[in-house]
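Here is the structure we will look at, set down as structure tokens.
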Amino acid sequence: MDITTLGMLAVSQAGHDKNKIYVIIKEEDEYVYLADGRSRTADRPKKKNRKHIQIIRKVQIKTSDDGYQDLEIKRIIKKYQEEANVKS
């Protein structure tokens, strides 16, 4: 099983949001909470089973004192997509 870290990018591998890129903003036992800064904001994250995501270990974002900022999440995802030519 992958060890996840808060703030890392992850790609959804199952469900209607398959191949969508998110940021892990919270972890529980077998679930993670994901945000993309647009439809899934930091205050309304998506709950997803760990088995249904793939971690992108190369990219990690930092949190501010207030937690995760939607603007920063959108910026990091966009930068990753431009560098990797990934379409979501």
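The values are calculated or read from the model by the stated rules, or taken from the named source; none is laboratory data. Since we're looking at a predicted model, the values are computed, not measured. Neighbour counts run over all protein chains shown; Cβ positions are idealised from the backbone, glycine included. In case anyone asks, the SASA skips ligands and DNA or RNA and just uses the protein heavy atoms, side chains included. Shrake-Rupley method; radii C 1.70, N 1.55, O 1.52, S 1.80 Å.
Restricting to region 38-52, what's the tally of residues that are assigned to a strand (DSSP E or B) and either open to solvent by 60 Å² or more (accessible area, probe 1.4 Å) or under 13 Å from LYS74 (Cα atoms) (or both)?
Qualifying residue count for the region: 1.
Restricting to region 1-37, name every residue that is among the aromatic types (Phe, Trp, Tyr) and crowded, with 20+ Cβ neighbours inside 10 Å.
Residue satisfying the conditions is TYR22 alone.
Condition first: in a loop (DSSP other than H, G, I, E, B) and either free of Cβ contacts under 8 Å to residues at least 40 places away in the same chain or under 11 Å from LYS48 (Cα atoms) (or both). Now tell me which residues in region 9-37 satisfy that.
GLN13, ALA14, GLY15, HIS16, ASP17, LYS18, GLU28, ASP29, GLU30 - these are the residues of region 9-37 that are in a loop (DSSP other than H, G, I, E, B) and either free of Cβ contacts under 8 Å to residues at least 40 places away in the same chain or under 11 Å from LYS48 (Cα atoms) (or both).
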